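Input: a single structure, listed below in C-alpha cells.
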Ligand SMILES: *Cc1c(COP(=O)(O)O)cnc(C)c1O
C-alpha cells in the first residue's frame, strides 16, 4: 500500500515538502534520516536551515530530556523563567559581547515571518514612515507584511489582496555585473520627484536563500549601510536562513563589518529544530510599549534549553573553521561538476554551507533533486523558477558524509543524461503545440 495515502486523503493541498520527498520519515540522527522502509538518506536540506547542528544532536537532546524529567516549566508566554534568564545571559556572553554588539532581544512568535513582521512594525513606529524598501528575489515569509516585501509572484498572489507599502529595488548583481545598484537606489532617494518616498527601513538578506542563492558582496552591503545612515533609514538584516552559522560566522553579515539596526533570527536559533524566533534591536530603537507585539508562544522554554546548549558551539572557533574549510571543498566540487557537464549550463552560487548550482535548463534542477532523492539524498531547489539545486548540509557534517552526498549529486546528474532530457522536453512541447493547433 502506498504509505502516503493518508496524507493525500486528509492533509490539505497546501502541503509541499512531502510532495518533493515522497516517503514517511521515522528517525534521524546527525546528517542521516531514515524512512518507514528503512531506507537511509543523507540530509543536504537541514530543515531549510533549521537544523544547522544536525538532527537530534546528543548533547542538546540530553539537556531537553533532563529538563522535561525535572518538570522544568515548558510554557510561560513571556513570563520570566529560569530558562529564559539563562538564554539571555548565554546569548549575550557567547554571541553579542565577543562581537561588541549591543542589542535588545525581543521574543516574537516562534516563526521567522513573525520576527520579520515585528521588525517592520518597529521600523515604521520609529520613523513614522510607511514604506519599506526591499529587493528583487527577496523572501521574508508568508504572512501579509512579510509577503509584501517578498518578490516571488506566486507567493504574493496567495495574499488575495493588494500588497502595498513596499518598494522593490534591484539586489546586488540584478542589473548585471557592471551596474552598482546602490547608485541606482541613491538616485531615487536623492530625487524628491522620483515617486519613491523615504522608506522606514531597507530590509535585506546577505545571501538570498529562497530567491536563488544570490550573494550580495560585502562592499555593496557596506554601501547600503552608509546610504541608510545618511538618509536616516533603518537597516534590517533578515538573517533567518543565512544566520546561526550557515555561512561560517554566527551572523552572515559579520565579514562585511556592518552593524544593522535590527536583525531577525529564527530557523536554527533553537539549535534543535524547535520553533523559536528573535528580533535583535539596537537599544535606542527599542521603543515598544509593553505588549505592543504580543503572542502566546513568544519564547518557548524547551527552545531556550536547546538554544543555550547550542550556543556552546560558538564558544570556540572549531565549527566556524570547519565550515570555512568545507565551504571550499563544496565550491571546488560544484565548479568541477559544472565544468564536466556543460550541457546543464550551470553556474555555481552561494557561500558557506549554502551553495548550489543554477541550471540553465528548464526543470532540470527539480529533476536533479528528485533523482537524488531516489538515490538517498535530500536537497531542495531555490530561485524564481526553481532553477537552483541547493546544498545545505548540517554544519556538523563530517568529511565522509559530505563527500557521500556530493557523489550522489554528481551521479544523479549523470543518471539524467541531460541531453536526452532536453530532447524529450523539446519533443513534448512541440506535440503540445500541435495539439493546441489542431484543437
Ligand atoms: C524561512 C525564512 C523566513 C520565514 O520563516 P518562517 O519560519 O518560515 O516563517 C523569512 N526569511 C528568510 C530569509 C527565510 O529563509
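Quick notes on this structure:
- Length gained when the stretch residue 121-residue 74 is fully extended (0.36 nm per residue, less Cα-Cα span): 14.1 nm
- Kirkwood estimate for the stretch 1-107, i.e. one over the average of 1/r between Cα atoms, Å: 17.6
- Calculated P(r) tail over 22 Å for the stretch 72-314, as whole % of Cα pairs: 52
- Relative packing of peptides 212-218, 33-39 - highest average C-beta neighbours within 10 Å first: 212-218, 33-39
- Ranked by how many other beta carbons lie within 10 Å on average, peptides 17-26, 241-250 from highest: 241-250, 17-26
- Under conditions of 20 °C and 1.002 mPa s, the stretch 218-359 yields 122 µm² s⁻¹ as its translational diffusion coefficient, taking Rh as the Kirkwood radius over Cα pairs in the Stokes-Einstein equation.
- Reported value for the stretch 335-387: 84 Å³ per residue, from the convex hull of its C-alpha atoms.
- Compactness of the stretch 291-338 is given as radius of gyration and Dmax, 18.4, 53 Å, from Cα positions.
- Cα centroid separation, the stretch 25-42 to the stretch 58-99: 28 Å.
- Per-bin percent of Cα-Cα distances, the stretch 284-439 [5 Å]: 2, 8, 13, 15, 13, 10, 10, 9, 7, 5, 4, 3, 1, 0
- Cα→Cβ-extended label distance, 7 Å offset, between residue 419 and residue 296, nm: 6.0
- Net length gained if the chain between residue 4 and residue 184 were fully extended (0.36 nm per residue, minus Cα distance): 59.8 nm
- Alpha-carbon centroids, the stretch 272-328 and the stretch 333-351: separation in whole Å: 34
- Shape analysis of the chain based on the Cα gyration tensor places the equivalent ellipsoid semi-axes at 34, 30, 22 Å, largest first.
- Sites residue 196 and residue 143 - FRET efficiency at Förster radius 35 Å, r taken between beta-carbons, to 0.05: 0.90
- Share, in percent, of DSSP beta bridges within the stretch 72-314 that are antiparallel, nearest 5: 45
- Between the beta carbons of residue 177 and residue 362, assuming R0 = 22 Å, the FRET efficiency works out to 0.40 to the nearest 0.05.
- Here the stretch 193-213 and the stretch 121-139 have alpha carbon centers that stand 8 Å from each other.
- Each peptide in 314-322, 302-310, 354-362 gets a packing score, the mean of other Cβ atoms within 10 Å over its residues, and the list from highest to lowest is 302-310, 354-362, 314-322.
- Fully extending the segment from residue 36 to residue 404 would add 130.3 nm, taking 0.36 nm per residue of separation and subtracting the current Cα-Cα distance.
- Pairwise label distance in nanometres, residue 97 with residue 229, each label 7 Å out on the Cα-Cβ vector: 2.7
- Residue with peak Gaussian network fluctuation, the chain [Cα springs, cutoff 10 Å], from 260, 57, 162: 162
- The GNM of the chain, with springs linking C-alpha atoms under 10 angstrom apart, assigns the highest mean-square fluctuation among 416, 378, 278 to 416.
- In plain terms, the bigger the Kirkwood radius, the slower the diffusion; for the stretch 173-257, with that radius from Cα pairs, at 20 °C and 1.002 mPa s, Stokes-Einstein puts D at 155 µm²/s.
- Whole-number percent relative contact order across the stretch 72-314, with pairs defined as alpha carbons under 8 Å at least 6 apart: 29
Any read-out appearing in this document is the output of simple, stated calculations on the displayed coordinates, not a laboratory observation. Only a predicted model underlies this, so the values are computations on that prediction, with no experimental measurement involved. Note that each Cβ is placed from the backbone with ideal geometry, even for glycine, and that neighbours are counted across all protein chains shown.
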